[in-house]
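Remarks on the structure that follows.
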Ligand code: TRP
Ligand code: ZN
């Protein structure tokens with residue numbers, strides 16, 4: 001039970017700040033347990049506020065006040081009050097700007113929530129988004145209050161030789177007692193969530209970038225000494241991102257220095273603090289022998305993401321936290337475009353859609369569904385969601401589709417020019433795009449306010465005599481919490497038609513010849529006509545996944561196999577293969593449930609045989625075509641999820657394909673397997689992806705030959721992609737040397753935290769029978785640590801979110817285990833605890849037995865003493 005019932009914050013209650021703080025000078029005397037903070041703030045009333053109270057409320061939590069003065073006069077006890085969440089000055093000067101000087105103490109070592117100032121390994125660092133600054137000092141902690149920051153850091157010179165904050169370094173010097181100081185000044189006004197400081201024994205990897213206007217920027221990555229050999233890829237990614245944003249959006253970097261610090265303890269991926277990004281080590285450090293190809297890709301994506309925030313987030317920021325997708329959806333869209341341009345747009349799009357459909361669609365269909373722009377929250381940290389980030393990016397992508405690349409760019413130019421230095425709303429973004437293009441996007445705005453994944457159905461009517469096709473599209477959207485009735489959305493539906501020989505058809509639409517069109521589906525039901533057809537075409541709909549919807553279009557296995565062979569749209573070609581496999585798997589699930597023998601349709605085997613023979617030369621794409629839909633994606637399509645049947649049916653398909661196509665898998669494996677050190681270039685990445693996809697099929701054969709193949713690759717690998725892929729194949733099979741391989745991997749990598757995370761995850765996600773017992777043992781492993789989020793995610797997160805078979809064990813042991821961990825984490829790190837609850841949130845999707853077991857655990861969590869707002873909100877909304 002919570003100590004007090006928590007407050008809900010509503011978007012409709014937004015009012016402008018009553019006061020503004022134009023400038024703040026911060027002075028830190030850094031110490032692990034007693035950091036002394038002095039904040040000198042220039043405050044004035046906000047001329048745009050109509051409020052008339054004379055009180056001044058400053059947010060602050062877990063702070064110890066030492067002194068408070070206004071314009072140099074210390075306040076008397078009766079002039080202010082300090083509570084758990086805020087400090088209120090009863091009567092602030094109204095007739096003039098004034099200065100408040102506050103001194104307080106904080107304890108970074110006790111801060112296991114990793115919000116505010118905390119200790120990570122031996123360095124001190126901060127995390128202020130969303131509302132962590134209030135754990136540093138009392139302040140108007142809201143993003144529409146923007147201030148110029150000057151910061152002085154004082155610390156022991158031996159322990160903290162490097163002292164960093166936002167902006168440019170303005171001075172430094174020595175002090176007595178082996179202490180020293182460094183001063184920083186950020187010339188750009190910013191909300192306090194973008195403040196950062198870092199102190200520690202850090203090595204610096206430096207480079208330079210010359211901007212499009214010829215300015216020379218210093219780039220610096222700070223890491224612990226033993227990691228300096230793992231920064232090359234991050235630096236290269238940063239330079240690529242800086243160039244790409246100039247070329248694609250015309251946006252240039254604005255300070256003389258760009259710093260990135262990598263820390264071991266971090267609640268999320270990374271943070272875009274102005275001029276001083278703080279990153280989870282996972283998204284900085286890479287060396288071919290320690291990081292996989294997909295780690296390299298994620299690093300490139302996250303480095304790009306945080307860099308792009310400098311404009312979409314920092315120069316133009318959010319008015320309030322309900323507008324979070326303004327910066328996150330837009331910046332994810334930008335990082336997706338960037339990653340696509342750096343590697344392969346086709347492959348990147350498939351990966352992004354796959355993630356969206358397996359994870360965000362589930363969120364949107366469950367008890368935690370909320371609009372891209374939420375309307376209410378208890379704890380804002382709970383709204384850094386797949387919906388705000390990934391669906392938000394899809395909404396921006398649809399705007400890009402509707403306006404075209406050039407129109408979208410004009411809109412963005414206007415947005416950045418009009419709102420530079422301001423804190424704005426999603427509405428301001430859409431308005432800028434409208435104004436720049438002279439269009440009206442009224443109905444489109446519903447994507448920001450309406451939750452849930454729309455369903456689009458299709459009816460085809462072909463008139464052979466006149467060579468005409470009529471498509472009738474219908475849209476609907478299921479109810480979500482607090483939104484029982486939905487309005488039709490403006491859905492861009494990209495379409496192409498294929499001739500009977502597989503070639504693209506030219507057709508007439510709206511009086512013009514086309515080979516591809518984007519339909520504007522705006523009504524609940526709408527018909528579209530296509531003429532001038534030589535014969536009945538095969539329809540390729542929702543190309544490139546042009547809208548985040550579920551498309552329901554009944555197709556035969558033959559038609560899907562045809563599209564898999566011929567569709568010129570790379571996304572829809574892959575999608576056809578996914579649908580083909582999905583249908584085959586669901587047929588098998590029916591057989592399992594009816595107790596019938598299992599048999600795979602020959603047409604499926606033939607389709608995969610053709611994919612193995614040739615997929616047009618892009619090996620990464622070929623590997624994606626070979627990947628079967630994930631269990632979680634399949635489960636999302638079942639009325640009542642049957643984890644065992646899904647697993648069994650999917651495994652059966654994989655094994656049957658392996659048996660029927662063993663020679664082809666082996667041949668491709670041999671063709672592309674090299675003993676290579678693992679450089680990150682498109683050719684090598686493609687080879688590894690494809691051959692490792694083949695290896696994972698071959699291991700399903702469980703033959704001594706296939707076991708030997710995997711073990712050889714594991715022992716000989718000189719890059720992490722090959723080593724971990726082989727180990728995964730071993731761990732997910734009945735390989736006799738499994739334990740020995742796991743032990744030797746551990747011994748080899750015990751000094752590399754990020755590799756040991758992989759070791760935990762592999763075991764936590766194994767489908768083999770004794771997995772739960774192993775997970776329990778791993779909790780007691782000396783390398784496990786509940787205070788390190790990456791470790792918790794690697795074990796507890798991976799087991800509960802990526803091992804449906806064992807997490808959903810019918811006896812409820814997985815659920816009990818997770819609830820115990822959530823309760824432990826609640827006291828240490830509410831943000832991480834709350835993220836772990838998501839494993840239980842989907843309880844309504846399972847059978848009655850599992851429902852009641854999961855519900856019971858959620859109820860046990862809600863009844864816990866001293867429950868954080870974070871966990872309370874997620875667990876109670878899951879039960880509602
Ligand atoms: N703004 C960060 C991003 O790039 C997200 C983030 C990092 C964050 N750390 C956080 C959000 C802590 C909440 C709490 O997406
Ligand atoms: Zn972001």
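So that you can scan it fast, the table gives a plain yes or no per residue for (1) away from ligand 1 (no atom under 16 Å from the Cβ); (2) farther than 30 Å from residue 161 by Cβ; (3) modelled with pLDDT under 95; (4) assigned to a loop (DSSP other than H, G, I, E, B):
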residue	(1), (2), (3), (4)
44	yes, yes, no, no
65	yes, yes, no, no
91	yes, yes, no, yes
117	no, no, no, no
124	yes, no, no, no
Output for Cβ contacts, cut-off 6 Å, separation at least six or different chains, first residue closer than 30 Å to residue 368 by Cα in segment 449-478, second at pLDDT below 95 and part of a strand (DSSP E or B), reads none
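Find the helices (runs of 4 or more DSSP H) located wholly in segment 288-391 whose residues include 3 or more that are over 30 Å from residue 751 (Cβ atoms) and in contact (Cβ under 8 Å) with a residue 40 or more places away in the chain, and list them.
Because the criterion is at least 3 residues that are over 30 Å from residue 751 (Cβ atoms) and in contact (Cβ under 8 Å) with a residue 40 or more places away in the chain, the helices (runs of 4 or more DSSP H) in segment 288-391 that meet it are 324-342, 345-355, 361-364.
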In segment 825-845, which residues are over 17 Å from residue 869 (Cα atoms) and either under 20 Å from the mean Cα position of the chain (by Cα) or buried (at least 21 other Cβ atoms within 10 Å of the Cβ) (or both)?
839, 840, 842, 843
Among the residues of segment 754-772, is there at least one that is in contact (Cβ under 8 Å) with a residue 40 or more places away in the chain, in a helix (DSSP H, G or I) and closer than 23 Å to residue 645 by Cβ?
yes
Could you list, in sequence order, the residues of segment 392-410 that are surrounded by fewer than 19 Cβ atoms within 10 Å (Cβ to Cβ) and without any contact (Cβ under 8 Å) to a residue 40 or more places away in the chain?
404, 405, 406, 407, 410
Among (1) more than 12 Å from ligand 1 (Cβ to nearest atom); (2) in contact with a strand residue (DSSP E or B) (Cβ under 9 Å, 6 or more places away or on another chain), there is one condition residue 305 misses while meeting the rest; what is its number?
(1)
Please work out if residue 294 is within 17 Å of residue 352 (Cβ to Cβ), out of contact with any strand residue (DSSP E or B) (no Cβ under 8 Å at 6 or more places or on another chain) and within 12 Å of ligand 1 (Cβ to nearest atom).
no
May I ask you to say which residue of 338, 333, 322 is out of contact with any strand residue (DSSP E or B) (no Cβ under 7 Å at 6 or more places or on another chain), within 15 Å of ligand 1 (Cβ to nearest atom) and more than 25 Å from residue 835 (Cβ to Cβ)?
338
Does segment 13-28 include one or more residues that are in a loop (DSSP other than H, G, I, E, B) and either under 23 Å from residue 152 (Cα atoms) or touching a helix residue (DSSP H, G or I) at 6+ places or on another chain (Cβ under 8 Å) (or both)?
yes
Given the criterion part of a strand (DSSP E or B) and within 16 Å of ligand 2 (Cβ to nearest atom), identify the matching residue among 260, 217, 221.
260
In segment 560-611, what count of residues is obtained for those that are part of a helix (DSSP H, G or I) and more than 32 Å from the chain's Cα centre (by Cα)?
19
Using beta carbons and a limit of 9 Å, which pairs, at least six apart or on different chains, have the first residue in segment 117-138 and over 21 Å from residue 317 (Cα atoms) and the second one at pLDDT below 95 and away from ligand 2 (no atom under 16 Å from the Cβ)?
none
Can you pull out every residue in segment 807-824 that is free of Cβ contacts under 8 Å to residues at least 40 places away in the same chain and buried (at least 24 other Cβ atoms within 10 Å of the Cβ)?
807, 818
Which one of these does residue 502 not meet: (1) surrounded by fewer than 16 Cβ atoms within 10 Å (Cβ to Cβ); (2) within 24 Å of residue 638 (Cβ to Cβ); (3) touching a helix residue (DSSP H, G or I) at 6+ places or on another chain (Cβ under 6 Å)?
(2)
Of all residues being within 16 Å of ligand 2 (Cβ to nearest atom) and over 18 Å from residue 828 (Cα atoms) in segment 129-158, which is farthest from the chain's Cα centre (by Cα)? Just the residue, please.
143
Among what's in segment 268-287 and is in contact with a strand residue (DSSP E or B) (Cβ under 8 Å, 6 or more places away or on another chain) and in a helix (DSSP H, G or I), pick the residue that is surrounded by the fewest Cβ atoms within 10 Å (Cβ to Cβ).
281
Can you tell which of 334, 349, 357, 373 is at pLDDT 95 or above, in contact with a helix residue (DSSP H, G or I) (Cβ under 7 Å, 6 or more places away or on another chain) and within 18 Å of residue 272 (Cα to Cα)?
334
Taking the condition of being more than 24 Å from residue 228 (Cβ to Cβ) and within 21 Å of the chain's Cα centre (by Cα), how many residues in segment 765-788 meet it?
1
Quick one: which helices (runs of 4 or more DSSP H) sit completely within segment 776-860 and have at least 2 residues that are closer than 17 Å to residue 873 by Cβ?
813-828, 830-836, 838-841
Would segment 344-365 turn up any residue that is within 15 Å of ligand 2 (Cβ to nearest atom), buried (at least 23 other Cβ atoms within 10 Å of the Cβ) and closer than 30 Å to residue 14 by Cα?
no
From the set of residues in segment 536-552 that are without any contact (Cβ under 8 Å) to a residue 60 or more places away in the chain and either assigned to a strand (DSSP E or B) or more than 33 Å from the chain's Cα centre (by Cα) (or both), which is surrounded by the most Cβ atoms within 10 Å (Cβ to Cβ)?
540
Just to be sure before I move on: is residue 247 without any contact (Cβ under 8 Å) to a residue 40 or more places away in the chain, away from ligand 2 (no atom under 16 Å from the Cβ) and closer than 29 Å to residue 400 by Cα in the structure I sent?
yes
Output the residue which, of all residues in segment 861-880 that are under 26 Å from residue 129 (Cβ atoms) and outside any helix (DSSP H, G or I), is farthest from the chain's Cα centre (by Cα).
866
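The values are calculated or read from the model by the stated rules, or taken from the named source; none is laboratory data. In this text the structure is predicted, and so the values were computed from the model without any measurement. Ideal geometry is used to build each Cβ from the backbone, glycine not excepted, and the neighbour counts take in all protein chains shown.
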